[in-house]
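Undergrad: Take a look at the following structure, please.
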Amino acid sequence: MKVVFWGVRGSTPSPGESTVRYGGNTSCMELRLGGGELVICDAGTGIRPLGLKLLREGEGEPTKGYIFFSHFHWDHIQGFPFFRPAFVKGNEFTLIGAPPGDETIQEILVRQMNSVNFPVNFEYLSADFHYQPVSNNVSMEIGATHVRFIEVNHTSRCAAVRFEEKGKTLVYMTDNELERSSPTPFRNFVNFCNGADVLIHDAQYTPETYGGHEGWGHSSWKSVIRLAMEAGVKRLYLYHHDPESDDSEVDEILVRAKSSAGDRGLEIFAAHERMEISI
Ligand SMILES: [Zn+2]
């Protein structure tokens, strides 16, 4: 599996001099599975430059892939109307997610692009779309990769995903407040992440800034370290950085997280735009 991060920021885009190293685009990760299948995790503003790259690489050939929406808050869908491959006839995408309430994935995306919010309606998207709603403990196969989902602790229904192929495992788990135990207790996250080669997790807060943000649906890095340690994760990527954290503050979070983990075998990184991972 190969990963490229295209947006690592949470909540709202945060461009500018003070965030240029980690990047200001909201959540989006490109994943290539062993068979070459394309899976995009979240459609924050990072999906716009990813879409341009896919168009350049595609050289007129149709693009097929999957887009996993962890949930449907702005920072995870706001890039979708700017994802150019969605406007190209012949392209084909399966949209995966766990929508809250009675709305379908399609209805939520149509609503985002209604004329009050956006100049071009969803019906102008010429690609073919398929929809795959998921829920707790549902699994599916993409090529030779086994894919599982778990509901996480956010303010709206939100899912994490685990990819397993050829003995290698990647978990993408964002917008998860580990300090809470509803709807999912900590022990279930440990089981879900068990033995992962790579865990990508929301680390929006420090232990200090978490105070005052209880119930907002995000974790402090300290809780993320605890999860990675207890689950026996090999590499941890801190993700969904707070828009208020400038580059030096994310650096400091990384230093503190590494110090906290010590030399117990967990490697820790802070995700930045265009960072690449091989698993
Ligand atoms: Zn978010």
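No lab work stands behind these numbers, since they all come straight from the coordinates. Note that the structure is predicted; figures quoted are calculated from it, not measured. A quick note on method: Cβ atoms are made from the backbone with ideal geometry, for glycine too, and the neighbour counts reach across all protein chains shown.
Undergrad: Taking the mean number of other Cβ atoms within 10 Å as a proxy for protection, how do you rank 127-137, 188-198 from highest to lowest?
TA: Packing proxy ranking, top to bottom: 188-198, 127-137.
Undergrad: Compute the signed sum of charges (Lys and Arg +1, Asp and Glu -1) over the other residues within less than 9 Å, Cβ to Cβ, of N91.
TA: Result for the local shell: 0.
Undergrad: Which of rounded, prolate or oblate describes segment 49-161 when judged by the alpha-carbon gyration tensor and an a/c cut-off of 1.5?
TA: oblate
Undergrad: Right, here's the next one. Net charge near Q78, counting Lys/Arg +1 and Asp/Glu -1 over other residues with Cβ under 12 Å of its Cβ?
TA: Surrounding charge for Q78 is 0.
Undergrad: Of the listed peptides 43-56, 156-169, what is their order by residue-averaged count of other C-beta atoms within 10 Å, with the highest listed first?
TA: Ranking, from highest mean packing down: 43-56, 156-169.
Undergrad: Could you order peptides 113-123, 28-38, 66-76 by the average number of other Cβ atoms within 10 Å of their residues, highest first?
TA: Result, highest mean first: 66-76, 28-38, 113-123.
Undergrad: Sum -39500 (n - 2.57) across every DSSP H segment of at least 4 residues in the chain, then divide by the residue count to get the 222 nm mean residue ellipticity, nearest 500.
TA: After summing the helix terms and dividing by the residues of the chain, the value is -6000 deg cm²/dmol.
Undergrad: For the chain, give the share of DSSP beta bridges that are antiparallel, in percent and rounded to the nearest 5; count only bridges with both residues there.
TA: Antiparallel bridges make up about 45 percent of those DSSP assigns within the chain.
Undergrad: Looking at this model, which pairs from K89/K168; K166/K234; K2/K234; K2/K64; K2/K168; K2/K166 are more than 23 angstrom apart at the alpha-carbon?
TA: Going by Cα-Cα distance, K89/K168 fall outside the 23 Å limit.
Undergrad: Another question, if that's okay. Please give the net charge around N137, taking every other residue with its beta carbon less than 12 angstrom from that of N137, where Lys and Arg add +1 and Asp and Glu add -1.
TA: Result for the neighbourhood of N137: +1.
Undergrad: In terms of the Cα gyration tensor, with a ≥ b ≥ c the square roots of its eigenvalues, is segment 135-279 rounded because a/c is under 1.5, prolate because a/b exceeds b/c, or oblate?
TA: Because a/c hits 1.5 or more and a/b fails to exceed b/c, segment 135-279 counts as oblate.
Undergrad: Determine the gain in length on full extension of the stretch D251-E107; use 0.36 nm per residue of separation and subtract their C-alpha separation, reporting nm with one decimal.
TA: In short, 47.9 nm is gained.
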